[in-house]
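Notes follow once the structure below has been shown.
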Amino acid sequence: MVALDLQMRSQAQTGELPQVEGAMRKLFWAESAQRHSSDTLDILGAEGVLAPGAADTPFGGKFEHDFRAAVVTTVYGGASEILREIIAERRLGLPRNRPAS
């Protein structure tokens, strides 16, 4: 992730436009946030899914909130499936997976 950020920064400084790096970064960030949040809830067990405001909620319900927020990040800003198709077509040179409109 750091290498990708550095590459995008270098491109911006030289006036180049990123090709698919933005899609790659968004895909990686959204899916890793979802995995990390899910793993955290697995570790916390039933207490991890208590909503904010419930009695004895670990860290005030932050983990439950973060998990709900992480799930929707795979949709807004570009669904993960669409981002994968963009990366496959533009970076890897693979054929279109969906019919042309």
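The values are calculated or read from the model by the stated rules, or taken from the named source; none is laboratory data. Computed from a predicted structure; not experimentally measured. Cβ sites come from the backbone with ideal geometry, for glycine too, and all protein chains shown count toward neighbours. With ligands, DNA and RNA removed, areas are computed over all heavy atoms of the protein, side chains included. Shrake-Rupley method; radii C 1.70, N 1.55, O 1.52, S 1.80 Å.
So, in region 1-27, of the ones that are over 14 Å from L83 (Cα atoms) and among the acidic types (D, E), which residue ends up nearest to the chain's Cα centre (by Cα)?
Ranking the qualifying residues of region 1-27, first place goes to D5.
Yes or no, residue by residue, for (1) within 19 Å of K26 (Cβ to Cβ); (2) of a type in the set (K, R):
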| residue | (1), (2) |
| --- | --- |
| G45 | no, no |
| V49 | no, no |
| G53 | no, no |
| F59 | no, no |
| V72 | yes, no |
| V75 | yes, no |
| A79 | yes, no |
| I86 | yes, no |
| R90 | yes, yes |
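Of everything in region 84-99 that's in a loop (DSSP other than H, G, I, E, B), among the charged types (D, E, K, R) and open to solvent by 100 Å² or more (accessible area, probe 1.4 Å), which residue is farthest from E21 (Cα to Cα)?
So the residue we want is R96.
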